[in-house]
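All of the numbers you see were taken from the coordinates with simple rules; none came from a lab. Model, not experiment: these values are computed from the prediction. For neighbour counting, all protein chains shown are included, and Cβ atoms are generated from backbone atoms with ideal geometry for every residue, glycine included.
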Amino acid sequence: MTVRSLRIALLEHPRQSSWLHINDIANTPLSSSLMTGYAAASLLAEGYQVSVVDAHMGGLSAAAAVDAVAAATPDLVGVHLVYDWSDGAHVRRLLADVRAAVGAAPIVLYGFYPTFGYGDLLRAMPEVAAAVLGEPELALVELARATAAGARLPEAFGAVPGLAIRRDGAVARTTGRPPIADLDALPFPHRTAAMLSLREVNIAGSRGCYGACTFCSINPFYGERSTWRPRSPELVVAEMAAVLEAHPEKQRFYFVDPNFFGPGERGRRRALTLARLIRERFSVKFGLEGRVNDIDDEVIGALVEAGFDEILIGLESGSDATLARLNKRTTVAQNRRALQVLRAHGVEPNVGFIMFEPDSSLQDVRVNLRFLEEVELLSRLSVTANVLYHQQILLGPTPAYRKALAEGRLVVSPVNPYEGTVLYRSAEVAFLAETMAEACRQLFAGLPREVWLCADQASDPVLRSLNDELVALFRRVLDGLSAKTLEPCPEAAREIVSGFRRRLPPPKDGEDRFHRGA
């Protein structure tokens, strides 16, 4: 088989919805949105024939996705497997159907989920030949080379670094593969029509993070020696230019870096350089994500002049004690300063906030509520409905997951141990957390999508009323628990949520995605 004749299919599988996680997006980092694009570009650069089946963004059913993969008649299949809050049964059926459709072609998983859950996945899915651990580009290229060379598969995969495979009836790892040192050596990611249908074009300026938050899987994905690795500003701008030349209608970008700003003065200088290059060449808008300690007045001013108008920052808490438990390496004072700087430049941020973490007390929760009110983050329903219910999510590779496991407080699903829930130290905090989560699910399910995209929610009387109702509900339950006039029991939770639900406007036909309460 020649290189040019080798056919490879890369699948972005359909995602399953879940009532319990109706608004959770942390099942995989945003940076993984470009993972298949980079993998496809790396394979195309080697001369292979590559078909990308984007069932997720393209809205394909599982059956249609299988048909599309089969139509590519692949010699090798890569599946970007994303954990989607389900029991995994639909994924197992999908992969079994792909196996039946593509014959003997090896099926290889890649992504955050396979990197950490490879043992359970390979044991549960006999259709899968291997899982890529960490960045997939180089491993997939080497797998393609082995396939094109006519090696005995999947036995030959044992010589490829950075994989989990089956060996002698057990799951084993091949030799490790370090993170890619020079990101500039990678080709620009291949973007499908489905990817380009988004409001903005996703683009990566760096990988990794210099932080070490207990709840984050970013750095474990890249390995123990993971560091923040930038692309050169010049190459980032060249990629933006290439996108705009091919798609002049796309005038908005979003940097999917977990940490747009690099560490210290080095990161600051790079951000200023990137801002200058964008301003000099384009008239575009862009968003990004970063840490509060990197929000610098000069840098933010330069970025705004270049078109920056959207940011997600991880405040996480209004309590220094909680921030220390989360190992954020930031302070409440830095949270306040970041908000002040951004707003001074006309940027109203989206925020990450963990209202409830396993060791929270009712006093911790009250401190959080007071902080959110003081920094004026409880006036927009789309923000309020997120910050008042978010609990700490525990995924397998994170220090928080391991800590809860060691303490005997971790509860995992028998069908999928990758995600865990934790036993709160306070029964009252657990009650408040789940009651608010269920109330907010009613909102997310019942209100149409355009509500959450409305820029000026505070001026809409219906949305303003719902926002105030939600804040009042939170305070009422918190006060009742603190005063011990409210018993934290299932009957009380059902009554509270039912009362809140009755205050919601009735959904229009077709808008109630989950038949609320089902």
Tilt, helix 233-246 to longest principal axis of the chain (alpha-carbon atoms), in degrees rounded to tens, equals 80 degrees
Expressed in angstrom, Rg and Dmax over the Cα atoms of segment 7-173 are 14.8, 47
So if the hydrodynamic radius of the chain is defined as the Kirkwood radius over C-alpha pairs, what does Stokes-Einstein give as its diffusion coefficient at 25 °C and 0.890 mPa s, in µm² per second?
100 µm²/s
Inter-label distance for Arg268 and His247, nm, one decimal - labels placed 7 Å from Cα along Cα-to-Cβ:
3.5 nm
Hey, if you put +1 on the Cβ of every Lys and Arg and -1 on every Asp and Glu Cβ in the chain, which of Gly408, Ser17, Leu277 ends up farthest toward the positive end of that dipole?
Gly408
Relative to the longest principal Cα axis of the chain, at what angle does helix 137-148 sit, 0 to 90 degrees, rounded to 10?
30 degrees
In whole percent, what relative contact order does segment 198-353 give with Cα contacts below 8 Å and a gap of six or more residues?
23 percent
Once phi for every residue in segment 396-408 is put through the Karplus expression 6.51 cos²θ - 1.76 cosθ + 1.60 (θ = phi - 60°), the whole-Hz ³J(HN,Hα) values, with Gly and Pro written as x, are x, x, 7, x, 5, 4, 5, 5, 5, 5, 5, 7, x
Give the dimensionless ratio obtained when the Cα radius of gyration of segment 165-223 is divided by 2.2 N^0.38 Å.
1.61
Starting from the Cα-Cα distance between Thr73 and Ala324, subtract it from 0.36 nm times their residue separation and give me the gain in nm to one decimal.
85.1 nm
Using the alpha carbon gyration tensor of segment 79-137, what are the three equivalent-ellipsoid semi-axes (square root of 5 times each eigenvalue), largest first, in whole Å?
17, 14, 10
Paramagnetic reach from Ala45 (point 7 Å along Cα→Cβ, amide N under 14 Å) across segment 166-185:
180-185
For the chain, give the share of DSSP beta bridges that are antiparallel, in percent and rounded to the nearest 5; count only bridges with both residues there.
30 percent
Any chance you could check the Cα centroid distance between segment 397-454 and segment 88-163 for me, in angstrom?
31 Å
For Tyr254, list long-range residues whose amide hydrogen, built 1.01 Å from N in the peptide plane, is under 5 Å from its own amide hydrogen.
Val201, Asn202, Ile203, Gly287
Per residue of segment 491-497, in order, report the coupling 6.51 cos²θ - 1.76 cosθ + 1.60 (Karplus, θ = phi - 60°) as ³J(HN,Hα) in whole Hz, putting x for Gly and Pro.
5, 5, 4, 4, 5, 5, 5
To the nearest 20 debye, what is the magnitude of the charge dipole of the chain about its Cα centre, counting +1 on the Cβ of each Lys and Arg and -1 on the Cβ of each Asp and Glu?
620 debye
Can you sort Thr227, Thr174 from fewest to most other Cβ atoms within 10 Å of each residue's own Cβ?
Thr227, Thr174
If I take every Cα pair under 8 Å that is 6 or more residues apart in the chain, average their sequence separation and divide by the length, what percent do I get for the relative contact order?
11 percent
Residues whose modelled amide H sits under 5 Å from the amide H of Arg167, counting only those 5 or more places away in sequence or on another chain, are Ala172
Loop-resident sites, segment 1-71, for trypsin sites (Lys or Arg not before Pro), counting at most 11 other Cβ within 10 Å (DSSP)
Arg4
Nearest-20 debye value, segment 374-518 charge dipole, Cβ charges on Lys, Arg, Asp, Glu
280 debye
What do you get for the angle between helix 35-45 and the principal long axis of the chain? Use alpha-carbon atoms, 0 to 90 degrees, nearest ten.
20 degrees
Residues in segment 220-264 reached by a label modelled at Arg276 [backbone nitrogen below 13 Å; 7 Å Cα→Cβ]
233-234
I need the calculated FRET efficiency for the pair Ala63 and Val171, taking r as the beta carbon distance and R₀ as 25 Å, to the nearest 0.05.
0.25
Along segment 427-439, Karplus-curve 3J(HN,Hα) (6.51, -1.76, 1.60; θ = phi - 60°) to the nearest Hz, with x for Gly and Pro, reads 5, 5, 5, 4, 5, 4, 4, 6, 5, 5, 4, 5, 4
Under the rule of -39500 (n - 2.57) per DSSP H run of 4 or more residues, summed and divided by the residues of the chain, what mean residue ellipticity at 222 nm is obtained, to the nearest 500 deg cm²/dmol?
-13000 deg cm²/dmol
Taking the Cβ-Cβ separation of Arg336 and Glu234 as r and a Förster radius of 35 Å, what is the calculated FRET efficiency to the nearest 0.05?
0.50
Semi-axis lengths (Å, descending) of the ellipsoid that matches the C-alpha gyration tensor of segment 198-353:
26, 18, 13
The alpha-carbon center of segment 322-347 and that of segment 29-47 are separated, in whole Å, by 33 Å
Whole-number percent relative contact order across segment 374-518, with pairs defined as alpha carbons under 8 Å at least 6 apart:
31 percent
Would you work out which of Val299, Ala439, Leu121 lies farthest towards the positive end of the dipole of the chain? Charges go on Cβ: Lys and Arg +1, Asp and Glu -1.
Leu121
